[in-house]
1. Take the range A:181-193 and flag every residue that is in contact with a helix residue (DSSP H, G or I) (Cβ under 6 Å, 6 or more places away or on another chain) and crowded, with 21+ Cβ neighbours inside 10 Å.
2. Taking residue A:153, is it under 30 Å from residue A:105 (Cβ atoms), outside the structural domain of residue A:6 (by TED's automatic domain parsing) and touching a residue at least 40 places away in the same chain (Cβ under 8 Å)?
3. Residues of the range A:47-83 being in a helix (DSSP H, G or I), crowded, with 19+ Cβ neighbours inside 10 Å and either in contact with a helix residue (DSSP H, G or I) (Cβ under 7 Å, 6 or more places away or on another chain) or within 9 Å of chain B (Cβ to nearest Cβ) (or both), which ones?
4. Just to check your reading of the model, which residue among A:142, A:163 is crowded, with 19+ Cβ neighbours inside 10 Å and modelled with pLDDT of 95 or more?
5. Being at the interface with chain B (Cβ under 8 Å from one of its Cβ atoms) and part of a helix (DSSP H, G or I) is the filter here, so list the residues in the range A:115-130 that pass it.
6. Look through the range A:103-113, keep the residues that are facing chain B (nearest Cβ under 8 Å) and under 17 Å from the mean Cα position of the chain (by Cα), and return whichever of them is modelled with the lowest pLDDT.
7. Taking the range B:80-96, which residues are assigned to a helix (DSSP H, G or I) and modelled with pLDDT under 95?
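The values are calculated or read from the model by the stated rules, or taken from the named source; none is laboratory data. Note that the structure is a prediction, hence the values are computed from the model and not measured. So basically every Cβ, Gly included, is an ideal-geometry build from the backbone, and we count neighbours across all protein chains shown.
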């Protein structure tokens, strides 16, 4: 049985720098996998490779049984992988609902011709898009600010908007890049609940996160990266006590042998 | 600069108008649009002409440069204002449309209505040919390449005997009569009205595309092209669509112009015209149709109005542009989104600006 997402010996070199080194990663349908590691470990690079922004120097990435090699990012999204960004990349001057509509358009097919002449498919997709967008804004909990300009939204709402926008692309796999960054404990609890609801909706989640409590609470499994290499993998409790992981985060005492 | 602007702060009449427009119900807006069309139809009037252009023939100026500039500006607005692509060679499509009319009219004996769809296809095709290799470039690089294309078209026409060389092509047929309306040499009004019809049709098409997934995608591409790509927007394809659409509109204007003037020469299509149309778009309020129309009107009208200054009128025009950039860089009638973009800094050009992103790289930390 093949996994939903499979990375095999994936390596990413930027000139002399090896950002990701022979990474093996598998993700099963319905899992919440956490990808953790110190800053600069290569986690976002992994995201960028999965979504087609970077082409791996070597190794293979397959999603849903199909190879993702050489696919443009917009085709990766259409294949069913959605993402959010570490430093929130909303469309700042568009309203919240317009942001989500852009995501929803990934599933639409209307052409310019149909738009100009107001043909049925155009009208149906516009109606459907609005409906889905409103539902998603409600789902993530910001339904009431639908018409607000994105850049004017409070930080927590912006993070949730980004998730709504990614969900609008109807992903089978959702990549979340540090969604809890900058959130207060309350917001983090709500975020955890939201991610669980997303999984209950039948989606799979790959999560980069620095907040350990969120990771421990949420993830079924955790993979730990350090200097581009996977140094540990397993259930949260197991990884938490792994010596290599502790050293990667906290370092080794100066007088260690 | 901002100290200067602060001291000379002129109360804006635009914001209240914008707010009034927002509150206007649907029928009200249609009434205003209808009124604008009526005014445009009544414009070639002797009395108005005395006031607006005592030195020139008002009706002639209304056709060219004013209505042609408006059509060109609406077309360039799709490329620059909506999709955010800096095109400095838009005159090329105007030229291709003109030469299509000239060649097919004189050498093949076709009439205006037969030539028009062919010219549109030809310019759209050239937009496709230009855009496909170049739209992977961004910012300054795209600007340089499009500028080059504009010049290539003009210089090719100048150096190719089959295209008339530096003497151009003469004997271009006028459009055939439509009932009692005769398209002759003297009276510019039928051409003006024909262009008006084209402008209205183009505006309707542009508005409809704006309110569709393509229009949204263009805004998204302008705001953050990489994020748009990540959200499933086929950015290259849509940029190409904007380019081709804008090109077709430019070609239409080219056909209209050539059909009146009987003869065209390569010097009818200088780089300066690309600049003028770009000015019209940016000064009017990039992306906003009423603004762009107003901008085109101003850019077309002012140099004619100041004809009595002979060469100095271009100097005055330049000074006016500089003043605009200091006191109202967002344009005469900026859309609200445009004003927000300007407030961000960076000249409000979004992806148009000098920033160039390496292919494949993003700003995200590893």
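1. Listed by number, the list is empty, since nothing qualifies.
2. Here the answer is yes, as residue A:153 does meet what is asked.
3. A:47, A:48, A:73, A:74, A:76, A:77
4. Just a single option satisfies the conditions, and that option is A:163.
5. A:115, A:116, A:122, A:125, A:126, A:129
6. Per the criteria, the residue is A:106.
7. Within the range B:80-96, B:80, B:81, B:82 meet the criteria.
A quick yes/no check of all residues on (1) farther than 30 Å from residue B:46 by Cα; (2) under 18 Å from the mean Cα position of the chain (by Cα); (3) part of a helix (DSSP H, G or I); (4) away from chain A (no Cβ under 11 Å):
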| residue | (1), (2), (3), (4) |
| --- | --- |
| B:175 | no, no, no, yes |
| B:198 | no, yes, yes, yes |
| B:202 | no, yes, yes, no |
| B:205 | yes, yes, yes, no |
| B:221 | yes, no, yes, no |
| B:232 | yes, no, no, no |
| B:237 | yes, no, yes, no |
| B:245 | yes, yes, yes, no |
